[in-house]
Amino acid sequence: MGLETSGTLMASYGRLFGWLNLAVQAVFVLEIAVRLSAHWPRILQFFRDGWNCFDFAVVAISLLPDVGPFATVARLARVLRVTRVLSSFPELRLIVSTMLRSIPSMGHVILLLGLLLSEIDYMETLEGSGFKFNNPNVKSTCGCGSSFSA
């Protein structure tokens, strides 16, 4: 896909890139077909595994035509085909699954750091009441949202 962004390479090797893409796509479709047939006659069991659903979705989306509003989606699906390697190696699946499960915990750590590095006060004034957030790292205020550096 990256090579397709070069006009000179596409002019010289565009047909070759097209055939290579078609060959890779055919291999992936054949692989999904074999894996689905392995679950015959209970094909729905294939879709109980999240990785199988991911593989099927990537291959199905990559079959979208490269024209019209779905061109970007189809190109993205071709890039996602590389990520299917994850489903082939259990060790990589374990690493990715662990990282995905740790995201909520990382959010809690970021929230705690935000609480430690800023001040929160509840104020009641004549204009109203509410929480006021003070960041001690503010150098100046301009209202643009990027007036401090950590």
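Under 9 Å by Cβ, and 6 or more places apart or on different chains, what pairs join a residue from the range 109-126 that is over 14 Å from Val138 (Cβ atoms) with one that is hydrophobic (A, V, I, L, M, F, W, C) and modelled with pLDDT of 80 or more?
Listed by first residue and then by second, the contacts come to Ile120/Phe131; Asp121/Phe131; Tyr122/Phe131; Met123/Phe131.
Please go through the range 97-117 and give me each residue that is open to solvent by less than 100 Å² (accessible area, probe 1.4 Å) and modelled with pLDDT under 80, ordered by number. Before the answer, list the steps.
Filtering the range 97-117 for residues open to solvent by less than 100 Å² (accessible area, probe 1.4 Å) gives 97-98, 102-105, 107, 109, 113-115.
Residues satisfying the conditions are Gly114, Leu115.
Sort through Arg42, Arg15, Arg35 and tell me the only one that's among the basic types (Lys, Arg) and in contact with a helix residue (DSSP H, G or I) (Cβ under 8 Å, 6 or more places away or on another chain).
Details: Arg42 fails: in contact with a helix residue (DSSP H, G or I) (Cβ under 8 Å, 6 or more places away or on another chain); Arg15 fails: in contact with a helix residue (DSSP H, G or I) (Cβ under 8 Å, 6 or more places away or on another chain).
One residue alone meets the criteria, Arg35.
For the range 1-31, enumerate the residues that are part of a helix (DSSP H, G or I) and at pLDDT below 80. Break it down stepwise before answering.
So in the range 1-31, the residues part of a helix (DSSP H, G or I) come out as 3-5, 7-31.
Of everything in the range 1-31, those that are part of a helix (DSSP H, G or I) and at pLDDT below 80 turn out to be Leu3, Glu4, Thr5, Gly7, Asn21.
Looking at (1) of a type in the set (Ser, Thr, Tyr); (2) modelled with pLDDT of 80 or more; (3) surrounded by 10 or more Cβ atoms within 10 Å (Cβ to Cβ), find the lone condition where Ser88 falls short.
Against the list (1) of a type in the set (Ser, Thr, Tyr); (2) modelled with pLDDT of 80 or more; (3) surrounded by 10 or more Cβ atoms within 10 Å (Cβ to Cβ), Ser88 comes up short only on (2).
The values are calculated or read from the model by the stated rules, or taken from the named source; none is laboratory data. In this text the structure is predicted, and so the values were computed from the model without any measurement. Using ideal geometry, Cβ is built from the backbone for each residue, glycine included, and neighbour counts are taken over all protein chains shown. Note: areas computed on protein heavy atoms with side chains; ligands, DNA, RNA excluded. Shrake-Rupley method; radii C 1.70, N 1.55, O 1.52, S 1.80 Å.
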